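Here the structure is laid out as structure tokens; the discussion comes afterwards.
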Amino acid sequence: MHETELEIPHDSARWAPMAWSTLVDAAHPRPVRARNASGTPLLRRARLSYYIRRMELLRTIHDAATREHKPFLLIGGHALNIHGISRSTSDVDLMVDLEDGAFWRELLGRLGYDVFNETSSFLQSKPTSLTAWPVDLMLVNKGTMTKALQDATTTTVFGPPLAVASVGSLIAMKLHALKYVDAVRALKDTADLFALLDLAGIAVNSEGFRQLCAQYGTLEIYERLREIKK
């Protein structure tokens, strides 16, 4: 894997964060039947409580990174859910500055995480606790990080204000990922990409999307996606 260097496209619109209950349903879709006396689904309440406990991790990360002036963005499945795209997920994905790698490795170690896979562009870690989510880091150069932060939206759905990768940034990342992932992962990334394109109002057969594919992915990816959409 090569060092991730993406010129993030600018989003002309900002997208409103989702409510807690909607976010939990998106991240963990399951049928809801039983309700309490007030009419609130009991399973949703249980899932909401469970989700909040798990996402305390982001509050801890935010506090530590803020103290040391180490910016990060929420990407991956949780970012998709914030933008209103339903995506089940079982980990936390963050974009961080490559130059801050030592800080993030040390912080993950203090939080009880073990790094099990690391390249120049990505770092994957797993928790020692069975109830915690894994944390994956996307390591990018300072220019990419600065542009992504400038275009990011902010959510407080997890408590503290967190920068969330924009729709344009997520499109760029999905196209970049499609150059490397296997066939199984490509199916999920393709579905995510189509949802992001719909949200951004970008047609798959448009010249604008062709240029995006040439910049962040490949023209082969463009032709393959056009065939799928026919």
Subject >> Residue satisfying all of: in segment 156-185; part of a helix (DSSP H, G or I) and among the basic types (K, R); nearest to T146 (Cα to Cα) among these >> reply: K174
**OP:** State which residue pairs qualify: first residue over 14 Å from E220 (Cα atoms) and free of Cβ contacts under 8 Å to residues at least 60 places away in the same chain and inside segment 171-190, second residue in a loop (DSSP other than H, G, I, E, B) and open to solvent by less than 30 Å² (accessible area, probe 1.4 Å) in any location, beta carbons under 8 Å apart, and separation of 6 or more residues or different chains.
**Re:** D189/L178
Original post:
Here are some conditions: (1) under 27 Å from F194 (Cβ atoms); (2) open to solvent by 20 Å² or more (accessible area, probe 1.4 Å); (3) modelled with pLDDT of 95 or more. G84 meets all but one. Which one does it not meet?
Top reply: (3)
Original post:
Taking into account only those residues within segment 170-215 that are open to solvent by 70 Å² or more (accessible area, probe 1.4 Å) and among the basic types (K, R), which is modelled with the highest pLDDT?
Top reply: R210
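Considering only segment 127-144, state which residues are in contact with a Pro (Cβ under 9 Å, 6 or more places away or on another chain) and either of a type in the set (K, R) or buried (at least 22 other Cβ atoms within 10 Å of the Cβ) (or both).
So in segment 127-144, the residues in contact with a Pro (Cβ under 9 Å, 6 or more places away or on another chain) come out as 127, 133-135.
The one that is in contact with a Pro (Cβ under 9 Å, 6 or more places away or on another chain) and either of a type in the set (K, R) or buried (at least 22 other Cβ atoms within 10 Å of the Cβ) (or both): V135.
The values are calculated or read from the model by the stated rules, or taken from the named source; none is laboratory data. Everything quoted here is computed from the prediction, not taken from an experiment. Positions of Cβ are backbone-derived with ideal geometry, glycine not excepted, and every protein chain shown enters the neighbour counts. For the accessible areas, the whole protein counts, side chains as well, though only heavy atoms, and no ligand, DNA or RNA atoms are used. Shrake-Rupley method; radii C 1.70, N 1.55, O 1.52, S 1.80 Å.
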